[in-house]
Amino acid sequence: MKRVVVGLSGGVDSSVTAYLLKEQGYDVIGLFMKNWHDDSVTISDECPWLEDSNDAMIVAEKLGIPFQTVDLSEQYKERIVDYMFDEYEKGRTPNPDVLCNREIKFDVFMDIALSLGADFVATGHYCRKDEEIIDGKPVYKLLAGKDGNKDQSYFLCQLSQEQLSKALFPIGELTKPEVREIAKRADLITAEKKDSQGLCFIGKVRLPDFLQQKLQPKEGVIVQVPNSFEPYNKPLPRFENKEAELTYKSKKYEYAVADGKVVGKHQGAHYFTKGQRKGLAVGGTKEPLFVIETDVEENVIFTGEGKNHKGLYRNVLFVSNEELHWVREDLALATDETMEVEARIRYRQALEKAKLYKVENGLFVEFENPQSAIQEGQFVAWYKNEELLGSGVIS
């Protein structure tokens with residue numbers, strides 16, 4: 001009997017994960033991760049982790065598996081929360097869920113699991129794992145979940161071969177309704193429990209409230225930039241080579257207050273991200289305003305009217321070598337190599353056709369169609385035939 005440690009979060013997905021593994025004859029241990037109890041920063045009025053850990057304990061009892069809570073709040077603060085504050089302060093938009101899987105679930109948590117004699121760590125992610133022997137060595141593949149609505153492979157885009165070798169995703173072949181049905185049949189308390197929203201393992205968080213506790217409010221202006229802004233409309237220069245063209249197209253537009261008109265005030269540019277519509281509180285336009293750029297140095301937010309505003313779209317982005325990660329190391333591109341892929345720049349986004357170009361200092365991703373609100377700090381992930389091959393932080 002192989003031993004598996006399941007990250008029991010108190011939700012239906014991880015409950016069914018534990019149930020299925022037990023049915024398959026594994027020796028299952030349930031662990032609940034407590035990731036937050038820093039009183040200097042309140043994350044939300046609710047205290048979901050108490051209720052969640054209680055639900056996780058009841059599920060473990062029902063399944064007859066050992067259960068314990070591990071406190072990872074110190075590592076979580078260091079590796080996730082401090083990083084988030086730091087990124088927002090620089091005017092970038094981090095993705096805590098991707099980091100949480102790389103740094104917490106499949107690193108700190110995995111080490112604890114292995115110290116308990118586990119062969120595997122299992123989570124309730126909607127994704128699948130496959131294995132193929134290539135050149136006499138096992139190669140692990142991360143595949144999209146069967147439920148297209150719930151596919152969570154994007155959140156695992158930073159996992160390594162070693163992490164994947166010890167990971168199990170038992171619900172990846174199922175749809176959400178099937179998972180709930182299994183939970184009902186097994187009489188698990190979490191069968192009807194709503195999906196948690198918000199930060200990985202912390203629960204519901206209003207990001208501005210959270211950020212305000214570390215990043216002081218600071219009044220600045222909101223500028224509306226018209227579609228007639230000159231750089232949007234100037235013809236493309238002639239390029240010496242493809243790399244020069246990609247470099248040009250991956251650069252974001254530079255704005256100054258004089259490029260538009262001041263239409264309102266805000267409490268801090270670092271609370272806003274590109275593509276954001278809510279929270280601007282500016283009226284008087286036919287279509288809503290969207291954030292097209294933030295300048296945290298000068299504390300200015302630049303906006304454009306309507307979701308088709310030219311300032312929102314680009315079709316090339318760049319990932320530096322330091323931020324480049326291949327799940328499939330055997331397929332990593334060498335300088336001057338290219339690859340046709342499908343890619344996404346955020347969770348729940350439909351996959352879009354793209355081409356990768358490896359250059360000396362990093363990798364360009366050129367999309368067939370322009371993408372809205374490409375945001376520095378977010379992850380781009382690329383796929384081929386349902387398999388996630390690699391990812392990187394947009395620079």
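Within 20 Å of the chain's Cα centre (by Cα) and either modelled with pLDDT of 85 or more or not hydroxyl-bearing (Ser, Thr, Tyr) (or both): which single residue out of Val205, Val225 fits that description? After ruling out the rest, the residue left standing is Val205. When the residues of region 249-293 are filtered to those that are free of Cβ contacts under 8 Å to residues at least 24 places away in the same chain and among the acidic types (Asp, Glu), the one that is surrounded by the fewest Cβ atoms within 10 Å (Cβ to Cβ) is Glu254. Set side by side, the residues Lys90, Lys62, Lys105, Lys77 differ, and just one is assigned by TED's automatic domain parsing to the domain that holds Leu156 and free of Cβ contacts under 8 Å to residues at least 60 places away in the same chain, which is Lys77.
Test Val179 against the stated conditions and say whether it is assigned to a helix (DSSP H, G or I), within 16 Å of the chain's Cα centre (by Cα) and surrounded by 21 or more Cβ atoms within 10 Å (Cβ to Cβ). Before the answer, list the steps.
Working: assigned to a helix (DSSP H, G or I): yes; within 16 Å of the chain's Cα centre (by Cα): no; surrounded by 21 or more Cβ atoms within 10 Å (Cβ to Cβ): yes.
Considered against the rule, which asks whether it is assigned to a helix (DSSP H, G or I), within 16 Å of the chain's Cα centre (by Cα) and surrounded by 21 or more Cβ atoms within 10 Å (Cβ to Cβ), Val179 comes out as no.
Of all the numbered requirements in (1) of a type outside the set (Ser, Thr, Tyr); (2) touching a residue at least 24 places away in the same chain (Cβ under 8 Å); (3) under 28 Å from Ala56 (Cα atoms), Pro138 misses one, and that requirement is (3). Within region 317-341, being surrounded by 14 or more Cβ atoms within 10 Å (Cβ to Cβ), over 17 Å from Gly275 (Cβ atoms) and within 20 Å of the chain's Cα centre (by Cα) holds for Phe318, Val319, Glu323, Leu324, His325, Trp326, Val327, Arg328, Val341.
Taking the criterion of being of a type outside the set (A, V, I, L, M) and surrounded by 11 or more Cβ atoms within 10 Å (Cβ to Cβ), the residues of region 112-130 that qualify are Asp119, Phe120, Thr123, Gly124, His125, Tyr126, Cys127, Arg128, Lys129, Asp130.
The values are calculated or read from the model by the stated rules, or taken from the named source; none is laboratory data. In this text the structure is predicted, and so the values were computed from the model without any measurement. Ideal geometry is used to build each Cβ from the backbone, glycine not excepted, and the neighbour counts take in all protein chains shown.
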